[in-house]
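The structure under discussion appears below in the form of structure tokens.
The values are calculated or read from the model by the stated rules, or taken from the named source; none is laboratory data. Worth saying up front: this structure is predicted, and the values here are computed from it rather than measured. Here the Cβ is made from the backbone with ideal geometry for all residues, glycine too, and neighbour counts use every protein chain on show. Note: accessible area is taken over every heavy atom of the protein model, side chains too, but ligands, DNA and RNA are not part of it. Shrake-Rupley method; radii C 1.70, N 1.55, O 1.52, S 1.80 Å.
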Amino acid sequence: MTSSVADGIRRGLEQAIAYAEGTADPADYVVHVPQQIDVKAIRVRLGLTQEEFAGRFGFSVKTLRHWEQKQRVPEGPTRAYLIVIDRDPEAVHRALTRAA
């Protein structure tokens with residue numbers, strides 16, 4: 001991955017976090033991060049076990065199970081990450097494996 005691509009990803013994540021924390025100027029952004037997200041539906045759509053999904057995208061299996069059982073909910077930046085996983089899982093996987 002080129003440094004400009006990595007810098008773009010980093011800037012995007014920093015912006016998403018600032019937005020989720022309420023420190024960004026909302027007028028600068030047009031994003032929608034839903035309050036609720038069906039993590040299990042995303043995982044099932046991708047055809048992955050809990051262990052595969054957690055390992056591929058950097059979650060603990062325990063946390064994933066809590067989300068799927070509705071015992072906990074993902075925080076704002078994590079919900080945004082899950083949306084990206086849902087929409088383009090291969091891009092996320094490529095970005096994470098190249099970073100290693």
Region 5-32 - residue that is part of a loop (DSSP other than H, G, I, E, B) and open to solvent by 100 Å² or more (accessible area, probe 1.4 Å) and, of those, modelled with the lowest pLDDT: VAL30
Matching entry among VAL84, VAL73 (being closer than 23 Å to GLY12 by Cβ and either touching a residue at least 24 places away in the same chain (Cβ under 8 Å) or in contact with a strand residue (DSSP E or B) (Cβ under 9 Å, 6 or more places away or on another chain) (or both)): VAL73
Hits in region 39-76 - residues which are farther than 22 Å from ARG98 by Cα and open to solvent by 80 Å² or more (accessible area, probe 1.4 Å): LYS40, VAL44, ARG45, LYS62, ARG65, GLN69, LYS70, GLN71, ARG72, VAL73, GLU75
Any chance ALA91 is out of contact with any Phe, Trp or Tyr (no Cβ under 7 Å at 6 or more places or on another chain), modelled with pLDDT under 95 and part of a helix (DSSP H, G or I): yes
Filter result for GLU51 (in contact with a helix residue (DSSP H, G or I) (Cβ under 9 Å, 6 or more places away or on another chain), free of Cβ contacts under 8 Å to residues at least 12 places away in the same chain and over 27 Å from ALA24 (Cβ atoms)): yes
